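Reviewing the structure listed below.
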Amino acid sequence: MKDTENKQKQRKFLEEYSNTLDLKASALAAGYKKQTAVANIRNYLKNPAAEKELKALCERKAGHLEICRGYIVAGYLKILDWALSLDDNGKPNDAGAALRALDGIVKQTGLEISRSAANPLENTLQNPEIVTNIKGLDPNKI
């Protein structure tokens with residue numbers, strides 16, 4: 001019974017998360033307790049089966065929906081903001097998630113980083129408005 005209830009929560013979470021990209025709100029909507037929601041979901045998302053199920057769910061939805069890049073970038077910005085916010089010990093919540101979010105932003109905006117150029121961010125600085133939208137990021141210090 002408990003296992004079935006847990007699977008239902010996980011499916012509900014994946015459905016909500018695929019719609020909103022809001023980790024905490026999706027976990028709460030799925031029925032996880034407020035105190036342990038993020039930790040439980042973080043552990044669940046490390047499971048390759050969960051990742052595969054989420055990817056399949058997103059691909060199925062994307063097959064009949066057109067999602068604008070701005071919406072996706074906004075979701076990545078939420079993830080980035082959460083991942084870089086400090087936990088009770090004064091450390092970022094999840095530096096790995098922050099890097100993955102930045103990678104997602106770069107891919108969605110179509111910006112490329114030239115490794116061979118003298119200034120490796122020359123191409124991205126031609127379109128700086130996305131850079132200035134990231135809270136606390138100074139494009140001159142990249």
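The values are calculated or read from the model by the stated rules, or taken from the named source; none is laboratory data. Everything numeric here is computed off the predicted structure, so don't read it as measured data. Cβ: placed from backbone, ideal geometry, glycine included. Neighbour counts: every protein chain shown. The protein model used for the area step is the full one, side chains on, heavy atoms only, and it has no ligands, DNA or RNA in it. Shrake-Rupley method; radii C 1.70, N 1.55, O 1.52, S 1.80 Å.
Points worth noting:
- Environment charge of ASP94, counting only residues whose C-beta is closer than 10 Å and scoring Lys/Arg +1, Asp/Glu -1: +2
- Segment 40-110, Cα convex hull volume normalised per residue, Å³: 97 Å³
- Annotation for segment 1-90: trypsin sites (Lys or Arg not before Pro) lying in DSSP loop with at most 15 further Cβ atoms inside 10 Å of their Cβ are LYS33, LYS34, LYS46.
- At a probe radius of 1.4 angstrom, the accessible area of segment 1-115 per residue rounds to 69 square angstrom.
- Shape of segment 1-82, Cα gyration tensor, a/c cut at 1.5: oblate
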